[in-house]
Amino acid sequence: MRTSLLIVIGLIASAGSSAGADNVVREVQHELLLLPGYTAFDWLVFRADSDKVTLLGSVVHADLKRDAENAVKKIEGVASVENDIVVLPESAGDDRIRRAILQSINQQMFVYLVEEVKRIHIIVKNGNVTLEGEVSTQADKDRLSALAKHAQRVGNVTNNLTIQK
């Protein structure tokens, strides 16, 4: 029986998996969370399908994409890695938007940024913002969306934040 799992770093969605598969999931999640350079501006997710891991998400630097793949390849029980992580285009405008949103969140809702592993992630591509991660309440989700929308030169804001259960 092949089991496919989509893992969002920090959140696990699984549909009945074996102990070996559970171990691979934990190890992949652990390795990705501890990658040097993984910031609030990157978002990593993965799908585990038997002994194959598919890496997904968006990163600001190509090094992080490569490092994620290399870290996962070393995990016992992983036979192959497909790296579909998107490297965001370099853009001074997107960098300004990232910093502005981060500064607003840090000033008004810093609780989501104080941990070493950030609970929220700000993905910016061509002026459009996607918020990923986990928050405590619907009010926090709405407030973070409003903060992102008020940054200068922001196009659309997609709020994919989930509410902690």
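What the table shows:
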{"quantity": "Pair list, Cβ < 7 Å and 6+ apart or interchain, from region 89-107 residues that are within 18 Å of Leu144 (Cα to Cα) and touching a residue at least 12 places away in the same chain (Cβ under 8 Å) to residues that are aromatic (Phe, Trp, Tyr) and surrounded by 15 or more Cβ atoms within 10 Å (Cβ to Cβ)", "calculated": "Arg98/Phe41; Ile105/Tyr112"}
{"quantity": "Selection status of Leu113, in contact with a helix residue (DSSP H, G or I) (Cβ under 7 Å, 6 or more places away or on another chain) and surrounded by 19 or more Cβ atoms within 10 Å (Cβ to Cβ)", "calculated": "no"}
{"quantity": "Residue list for region 120-133, filter: crowded, with 18+ Cβ neighbours inside 10 Å and either touching a Ser or Thr at 6+ places or on another chain (Cβ under 6 Å) or not in a strand (DSSP E or B) (or both)", "calculated": "Ile123, Thr130"}
{"quantity": "Residue count for region 134-165, restricted to those that are free of Cβ contacts under 8 Å to residues at least 12 places away in the same chain and part of a strand (DSSP E or B)", "calculated": "0"}
{"quantity": "Residue count, region 1-41 (criterion: small (Gly, Ala, Ser), on the phi < 0 side of the Ramachandran plot and modelled with pLDDT under 50)", "calculated": "4"}
{"quantity": "Selection count where residues are part of a helix (DSSP H, G or I), surrounded by fewer than 16 Cβ atoms within 10 Å (Cβ to Cβ) and not small (Gly, Ala, Ser), scope region 70-105", "calculated": "6"}
{"quantity": "Residues within region 40-64 that are basic (Lys, Arg) and under 12 Å from the mean Cα position of the chain (by Cα), tallied", "calculated": "0"}
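The values are calculated or read from the model by the stated rules, or taken from the named source; none is laboratory data. As the structure is a computational prediction, the values presented were derived from the model and not from experiment. Cβ coordinates were reconstructed from backbone atoms using ideal geometry, including for glycine residues, and neighbour counts include every protein chain displayed.
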